[in-house]
């Protein structure tokens, strides 16, 4: 107990980084998990790794420098969690690409993970991605990553070269987000486009038909049928995308800009 009290400042710095990651990272940041549970999880993780990583923590004697160090630890945790959470945005973005084309663009629900309104299909894909994330032990990887970050990522540099390095990895993540979203949505987007073209041709050939009322059910049925057929492929793409985000995060920590 005396050892803990004497090193409370170092313990608090570790706690800040872990808590910042948990508040941003997928699964841990879910709104359905109470804040108290998140705080307790952060505390217990800190309690476990504290004796191992305390040697890497240097506590300044000045209170002003210590405040800046607390802010720096929070930024490191947020950055680590954000790099992984970006990939889940691609799952929702893929649904945005074709939801309006099959008649589900107006139907939006509240996402308990991101706390934003997303299409119903985007919510479905977000939950599927979360299940894939848990199936490949992504939550364990994040805990291991935040543990290794104390050795590999000592701080959040604010210099010109460091800022350029952080920005470079963010650009990689965002570009990968659009690529993954396009891969997931491409079969349904292409099919919906062909259906729209066919309906346009049919409207010219038979003007007396109410193509709009006739076309919506067809687009919905075909869209959901194709979504069911391509589900194994979508799950595989999600798994590969999440694993690549893990590799990117590992590479970031091994080449951490300082």
How about segment 222-255: which of its residues are farther than 19 Å from residue 125 by Cβ and either assigned to a helix (DSSP H, G or I) or touching a strand residue (DSSP E or B) at 6+ places or on another chain (Cβ under 9 Å) (or both)? 246, 247, 248, 249, 250, 251, 252, 253, 254
Tell me which residues, restricted to segment 199-242, are surrounded by 15 or more Cβ atoms within 10 Å (Cβ to Cβ), more than 19 Å from residue 92 (Cβ to Cβ) and modelled with pLDDT of 85 or more. none
Only unsatisfied item for residue 116, checking (1) modelled with pLDDT of 80 or more; (2) farther than 21 Å from residue 252 by Cα, is (1)
Test each condition in (1) over 30 Å from residue 130 (Cα atoms); (2) in a helix (DSSP H, G or I); (3) touching a helix residue (DSSP H, G or I) at 6+ places or on another chain (Cβ under 8 Å) for residue 59 and report the one that comes out false. (2)
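From 101, 72, 96, grab the single residue that is at pLDDT below 85, more than 18 Å from residue 138 (Cβ to Cβ) and surrounded by 17 or more Cβ atoms within 10 Å (Cβ to Cβ).
Details: 72 fails: at pLDDT below 85; 96 fails: surrounded by 17 or more Cβ atoms within 10 Å (Cβ to Cβ).
Going through 101, 72, 96 in turn, just one is at pLDDT below 85, more than 18 Å from residue 138 (Cβ to Cβ) and surrounded by 17 or more Cβ atoms within 10 Å (Cβ to Cβ): 101.
The values are calculated or read from the model by the stated rules, or taken from the named source; none is laboratory data. Because the structure is a prediction, the values reported are computed rather than measured. Positions of Cβ are generated from backbone atoms using ideal geometry, with glycine treated the same way; all protein chains shown enter the neighbour counts.
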